[in-house]
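Structure record follows, encoded as structure tokens.
The values are calculated or read from the model by the stated rules, or taken from the named source; none is laboratory data. Here the structure is a predicted model, which means the values were calculated and not measured. Cβ atoms come from the backbone with ideal geometry, glycine included; neighbour counts cover every protein chain shown. Just the protein is used for accessible areas: all its heavy atoms, side chains included, with ligands, DNA and RNA removed. Shrake-Rupley method; radii C 1.70, N 1.55, O 1.52, S 1.80 Å.
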Amino acid sequence: MSGERISTCSDAEVKGRFARLWSHMNGDERKDVVQKFAAVFSLMALIVVFSVTSDAFFSVGNAMTVSLQTTSIALLGIGVTVVILTGGIDLSVGSVLALSGTVAGLLVKDGWPIWAAMSMGVLTGMVCGCINGFVVTRLRLAPFIATLGMMLIARGLALQLTGAAPVSQLGEAFGVLGNGSLFRTLSVGANGLPKVIFPGIPYPVLIMIVMAIIVAFILRRLAIGRHIYAVGSNEQASRLAGVNVNSTKMFAYATSGFMAGICGIVLMSRLVTAQPNEGIMYELDAIAAAVIGGTSLMGGVGTISGTMIGAFVISILRNGLNMNGVSSFIQQIIIGCVIIGAVYIDHLRNRR
Amino acid sequence: MVAPAPIVEMKNIGKRFGGIHAVENVSVELRPGEVVGVLGHNGAGKSCLMKILSGAMNRTDGTIMVNGEEVALANPIEARHCGIETIYQSLALADHLDAPANLFLGRELKTRFGTLDDKRMEMEARQALRQLNPNFKNITDTVLNMSGGQRQVIAIARAIYFNARVVIMDEPTAALGPSETAMVAELIEKLREQGIGIFLISHDLNDVFDLCDRVMVMKNGQNVGTHAIDEVTKDDLLNLIILGKLPDNWSPRNLVAS
């Protein structure tokens, strides 16, 4: 139903249509709708509460800040969601993003063109993901162990390569991806200083949206996506049905590594410095975003849109609590409670 | 009447794990429209033999002919190409997918752009499932919410849809209630009418007498007897299953009756 048509109907008509739509749905679709709206609703509630409690929260500038803060959680979360859907877990993404970013930074220092260095950074992430996939599918280690190992290896490698020092003076061009925006319009004011008419859409946000759409498309519309859900739902059954379980898992870990690589270059570009210590504990934010968005750690259940909502919930919560002067210690306690609460509600819903 | 040529001939099949013979020198054949019961204790080798036929396990000895041609059956996909479909005891279904997705799992229909053709899969699945069970509703529910009987229908529909010539059923009624068991019996009858050959692994002798044309009993990896169902009694089968042989003074039941 388009928005335009809704506006031409009376209230009763809308209700009637909704009731009809509702009665056409089966139990599962209804649950899904309830779940989706519950997540969106809690997101709205957070926004309303913070808008009331803090003057600075509801503004274009802050919306921009929140979106930018969300990008790294969301980019990692999208990749991690794909892995969790297969029934696995990826603990390495925080370290892999640091390795990818530092590789890109070091190559720029070495005289590589920005685009080539950044591509190598993303490729590094993907290679790390493939190694995770190899260890899980060929060496048959538990994903938790395999990616825990990679978490240490990638971090150690990033620190070793840089001598634990940030790689700076990368040039202004290195910062464009992280700090530029599309359709940014300025005008020169009477005092000769530029005045922002439209702040534009930051490139990181654009990348986040595009990647979310691409991965969601893969999951919903392509056979490999269907196989990812099937493997997470019943690995044995999928194998017997002729699904190549190993290559499906390989694809999932490679995607996660790829997303960590993208996140790495975007983040380092934003800082215009390659920081080997960046992204510590980010993997937990990413997993939390997936879980708050309704992804089941048992595999087979979850969506990219859910993870996006989860990522926004976390970053809005952080941002809003900051604006209200809540200490970072208390913030951790609150976010911890939100994760437990969200998963418990999900658990109740599935037990019905 | 001349018996039709067998679809499957397994000759002198053997499977060794190190020094242990899980299956030893077993021969059996299956004709179109025939239901052959495969009986035996746990560990008698019946599941192993059927896994060899379904491509899930590789044999160490023997030959398998499908429609008169020798085949390797190195993996489940090759077995499928030969028209051999297996319905597993654990009902190999992915719980969080719906009926069409399960039916086409691993063989998804695609649009010309290479994306999933969910509309066509749903339509085809609806048709295939209704053929087996006209009362099948909510096919877009996740399989998790379906009854054991509905799950069985999906598993069987999957076999039929892809033109199976041979269906291997591993304890198809073990997890079902009486009415659903009756429904599965009806399904087996439908498969038989279509000329599909069925190997039925079962522990339930009542099922075996209701559904099978012939039985083959295995003990310690060997075939201890293949009989037409009307020449044996339940006691005869129990003798074969437990002792591995028929009584010394045994004669076929149908001859005794006449």
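Points worth noting:
- Segments classed as strands (runs of 3 or more DSSP E), wholly inside region B:1-116, with at least 3 members that are touching a residue at least 24 places away in the same chain (Cβ under 8 Å): B:8-17, B:20-30, B:35-39, B:61-66, B:84-87
- Among the residues of region B:110-132, those identified as of a type outside the set (D, E, K, R) and surrounded by fewer than 18 Cβ atoms within 10 Å (Cβ to Cβ) are B:111, B:113, B:114, B:115, B:123, B:127, B:131.
Conditions tested, residue by residue: (1) more than 9 Å from every other protein chain (Cβ to nearest Cβ); (2) among the small types (Gly, Ala, Ser); (3) over 21 Å from the mean Cα position of the chain (by Cα).
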| site | (1), (2), (3) |
| --- | --- |
| A:197 | yes, no, yes |
| A:215 | yes, no, no |
| A:239 | no, no, yes |
| A:243 | no, no, yes |
| A:271 | yes, no, no |
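- Qualifying position, being of a type in the set (Lys, Arg), in contact (Cβ under 8 Å) with a residue 60 or more places away in the chain, farther than 20 Å from residue A:128 by Cα and open to solvent by 10 Å² or more (accessible area, probe 1.4 Å), among A:239, A:220, A:270, A:226: A:270
- Residues that are open to solvent by 50 Å² or more (accessible area, probe 1.4 Å) and hydrophobic (A, V, I, L, M, F, W, C) within region B:200-255 comprise B:209, B:238, B:242, B:243, B:250, B:255, listed in sequence order.
- Per-region count, region B:140-155, residues aliphatic (A, V, I, L, M) and more than 14 Å from chain A (Cβ to nearest Cβ): 1
- Test for residue A:219: is it out of contact with any Ser or Thr (no Cβ under 7 Å at 6 or more places or on another chain), within 14 Å of another protein chain (Cβ to nearest Cβ) and of a type in the set (A, V, I, L, M): yes
- From the options B:79, B:72, B:56, B:155, residue that is open to solvent by 30 Å² or more (accessible area, probe 1.4 Å), within 18 Å of residue B:198 (Cβ to Cβ) and at pLDDT below 90: B:56
- Failed item in (1) at pLDDT 85 or above; (2) open to solvent by less than 60 Å² (accessible area, probe 1.4 Å), with residue B:20 passing the rest: (2)
- Hey, residue B:51 within 14 Å of chain A (Cβ to nearest Cβ), under 16 Å from the mean Cα position of the chain (by Cα), of a type in the set (Lys, Arg) and closer than 30 Å to residue B:219 by Cβ or not: yes
- Any chance residue A:313 is among the β-branched types (Val, Ile, Thr) and not in a helix (DSSP H, G or I): no
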